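Read the structure below first, then the notes.
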Ligand code: 3EB
């Protein structure tokens, strides 16, 4: 609530949150910012034991490094409809839709087909919702580094995804932003797609080769995602950042060194934020120091203290908007990856 100070008769300015129809919060339980907000999607981090979760909540098979349960909830001030279509759940509101496909995990030999079929279903359902633009796709599945060379699950996943994108005519210059991270325990292949009726203005990081142009050494088909972007939704802008790691050009740098990988990842994020700000026009600008919501994926739980210190000194505090998750990164030598979103009005 905003209160007028005594004696001041000027109108109460509209609080930012109430102009913005989209809100995201991170909490140990599912708490709407106001009675007018409805859940669009809730990412549940923690063990998948609790039955009877509300519509829209998806467990992605990752645990907070500190233990316990956390929910990153996306809220819309306005109606949200929830449906189930086959293996997919769909949430729709005026500006966005979220489509979730969860299917059982599969062995590395079967993972190309499993990923391809899951993407076919996702994109098929996506065509039926009233939001034609893919904004971001989060991908989570176990044992991402299992299998050698091109037999590795991540590379097989990348083939299946590329084939499905091809089938639906999604060309490299229009791919959504992405995240692909490995679960550290048994769980489903979970794919969460954020869509909008508003287009995605996408940006690449000048320090990195576009992932869809990675050379052959990283697999037969390149990973289909753009590095970052912005959705101008009328009363707010939504900035999205893909999973970002210590990759310069196309190469992993500082293999197995968490200190230097953290520095490099943050440098990549800064350059990416600048690139996204540029394509979004002058009024809007993205900076990590604003009220971003970040997911920090760490291969080694022991690195939590170091990375928390680094992020705290950059952001001021990490208590309400940063989730630290135990996860496997898609290249074996990488120890950290960060993705995030930010809403600006
Ligand atoms: C990278 O930059 C790190 O395959 O969808 C980041 C974000 C990464 C998305 C994906 C992979 C993906 O290549 C890995």
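The values are calculated or read from the model by the stated rules, or taken from the named source; none is laboratory data. None of these values were measured; they are calculated from a predicted model. A quick note on method: Cβ atoms are made from the backbone with ideal geometry, for glycine too, and the neighbour counts reach across all protein chains shown.
Report the residue count in region 279-300 for those that are loosely packed, with under 15 Cβ neighbours inside 10 Å and touching a strand residue (DSSP E or B) at 6+ places or on another chain (Cβ under 7 Å). Of the residues in that region, 3 qualify.
Put simply, of 271, 254 the only residue that is farther than 16 Å from residue 330 by Cβ and out of contact with any helix residue (DSSP H, G or I) (no Cβ under 9 Å at 6 or more places or on another chain) is 271. Considering 159, 170, the condition of being in contact (Cβ under 8 Å) with a residue 12 or more places away in the chain, within 12 Å of the ligand (Cβ to nearest atom) and surrounded by fewer than 22 Cβ atoms within 10 Å (Cβ to Cβ) is satisfied by 159 alone.
Scanning region 205-259 for residues that are away from the ligand (no atom under 11 Å from the Cβ), under 19 Å from the mean Cα position of the chain (by Cα) and assigned to a loop (DSSP other than H, G, I, E, B) gives 233, 236. Residues that are part of a loop (DSSP other than H, G, I, E, B), without any contact (Cβ under 8 Å) to a residue 60 or more places away in the chain and in contact with a helix residue (DSSP H, G or I) (Cβ under 9 Å, 6 or more places away or on another chain) occur at least once in region 175-189.
Annotation: residue 333 fulfils all but one of (1) within 16 Å of the ligand (Cβ to nearest atom); (2) surrounded by 18 or more Cβ atoms within 10 Å (Cβ to Cβ); (3) part of a loop (DSSP other than H, G, I, E, B); the unmet one is (2).
Would you call residue 144 modelled with pLDDT of 95 or more, within 13 Å of the ligand (Cβ to nearest atom) and part of a loop (DSSP other than H, G, I, E, B)? For residue 144, the condition - modelled with pLDDT of 95 or more, within 13 Å of the ligand (Cβ to nearest atom) and part of a loop (DSSP other than H, G, I, E, B) - is met. Residue 194 - would you say it is modelled with pLDDT of 95 or more, away from the ligand (no atom under 14 Å from the Cβ) and in a strand (DSSP E or B)? It is false that residue 194 is modelled with pLDDT of 95 or more, away from the ligand (no atom under 14 Å from the Cβ) and in a strand (DSSP E or B).
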